[in-house]
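The values are calculated or read from the model by the stated rules, or taken from the named source; none is laboratory data. All figures in this text were calculated on a predicted structure; none of them were measured in a lab. Positions of Cβ are generated from backbone atoms using ideal geometry, with glycine treated the same way; all protein chains shown enter the neighbour counts. With ligands, DNA and RNA removed, areas are computed over all heavy atoms of the protein, side chains included. Shrake-Rupley method; radii C 1.70, N 1.55, O 1.52, S 1.80 Å.
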Amino acid sequence: MHKTNAEDRYIEKRKRKAFLTYVFCHMFWVLPVRKKKVVFTAFEGDGGYCCNPRYIAEELLKSNQNYEIVWLVNHLEKKFPNGIHKAKNNFFNRAYHLATAGTWVDNSRKAFGTAKRKNQLYIQTWHAGVALKPIGQFRGALFPKIAYLVSAYDSKLTNFVLSNSDWCTNLYPKMLIYQGEIIKTGSPRCDILINKKRAVYEDIRSQYAIPKDAKIVMFAPTFRGGSQKGNRQVLAAYPTLNFSTMVQTLEEKFGGSWYVFLRLHPQLSAQIEKVPLENSIEQMIDVSQADDM
């Protein structure tokens, strides 16, 4: 009973904050919508120049169509190419830039209460296309009420969602609480696995001073727990994988020299100093802060 009351109080608190967000967004509706202005966000502002939004932005930059590109980001030290304006992802900037943009592109949810005008386009690219862990209603009883409300609210704002397969298209209604249009066009971020593969192969090894013939395996653990009230937690004090044994086994089985790239979840990498890497080795490289997975 106490748990239900606490959850209800938290939901009411979030609804009050959402109402203020909604009102504040409307204040900027006195300003005109600029059709060629596109506002990008990744991982609620924690992401830099990354994921599906990055590759959509790249195509806009190549088009030479003079798009006004704004990226809402929590950490202004993140690097972006020329042609993209960084804006601190705070209450004022979000309301102003979203209210005056013709198009929004995101890979996660907008702030609860965000208001969208009729002549604006919201493209949801989502970041978890393969769905290797339960998301949305697939979480069953573990799906918090507030998460359902935020998901449903954001989905009503969305004009269409990008899908990379029939698999995702079939899952999205329950994953995203979404009943709108789904466009099966692929995941923009995955094109790099096919296009310019050799260039990326060489660039990565040069950037991290890895021998050109070395092989790389990525360890990218996710997390679950504490996200409802903003407490980003890991389920273990540090990644429990034995990197030394892993590298030794890979070299014995497949030959050559191997390196492990550790890629923590974006919501955890923002707090990287709180995650002690006690079992790291020389051949384990932490790439959690790199923008693009």
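Would you please give the residues with an amide H less than 5 Å from that of residue 42, counting only those at least 5 places away or on a separate chain, with H modeled from the backbone geometry?
So residue 42 has HN proximity to 47.
Which residue, 29, 285, 61, has the largest displacement toward the positive end of the dipole of the chain when charges sit on each Cβ (Lys, Arg +1; Asp, Glu -1)?
Projecting each Cα onto the dipole axis, the largest value belongs to 29.
Would you work out what percent of the accessible area of the chain, with all protein chains in place, is carbon or sulfur (probe 1.4 Å)?
56 percent
What accessible area per residue, rounded to a whole number of Å², is obtained for the chain using a probe radius of 1.4 Å?
That works out to 56 Å² per residue.
So how tilted is helix 197-207 from the main axis of the chain? Cα-based, degrees 0 to 90, rounded to 10.
Roughly 80 degrees, rounded to the nearest 10.
Taking amide hydrogens as modeled 1.01 Å from N in the peptide plane, which residues meet the under 5 Å criterion relative to residue 122, leaving out close sequence neighbours?
Those lying under 5 Å, H to H, from residue 122 are 104, 159, 160.
Compute the acute angle (0 to 90°) between the alpha-carbon long axis of helix 51-62 and the principal axis of greatest extent of the alpha-carbon atoms of the chain; round to the nearest 10°.
80 degrees
Which of the peptides 17-29, 244-256, 49-61, 170-182 is most tightly packed, and how do the rest follow, judged by the mean count of other Cβ atoms within 10 Å per residue?
49-61, 170-182, 17-29, 244-256
Given charges of +1 on the Cβ of Lys and Arg and -1 on the Cβ of Asp and Glu, with all other atoms neutral, how large is the dipole of the range 67-118 about its Cα centre, in debye to the nearest 20?
That gives a dipole near 180 debye.
Set the Förster distance to 41 Å, then compute FRET efficiency between residue 142 and residue 209 from the Cβ-Cβ distance, nearest 0.05.
Efficiency for this residue pair is about 0.45.
What's the Cα-based Rg to Rh of the chain, Rh via Kirkwood?
Ratio of gyration radius to Kirkwood radius: 0.98.
Pick from 76, 264, 98 the residue whose mean-square fluctuation is largest in a GNM of the chain, springs joining Cα atoms under 10 Å.
Fluctuation is largest for 76.
Using +1 at the Cβ of each Lys and Arg and -1 at the Cβ of each Asp and Glu in the chain, identify which of 149, 214, 260 lies farthest towards the dipole's positive end.
The one lying farthest along the dipole's positive direction is 149.
Just to confirm the number: angle between the C-alpha axis of helix 243-254 and the first principal axis of the chain, 0 to 90 degrees, nearest 10?
60 degrees
With a point put 7 Å past each Cα toward its Cβ, work out how far residue 290 is from residue 63 in nm, to one decimal.
2.9 nm
What is the extension gain from residue 74 to residue 26, computed as 0.36 nm multiplied by their sequence separation minus the C-alpha to C-alpha distance, in nm to one decimal?
Gain in length upon complete extension: 15.0 nm.
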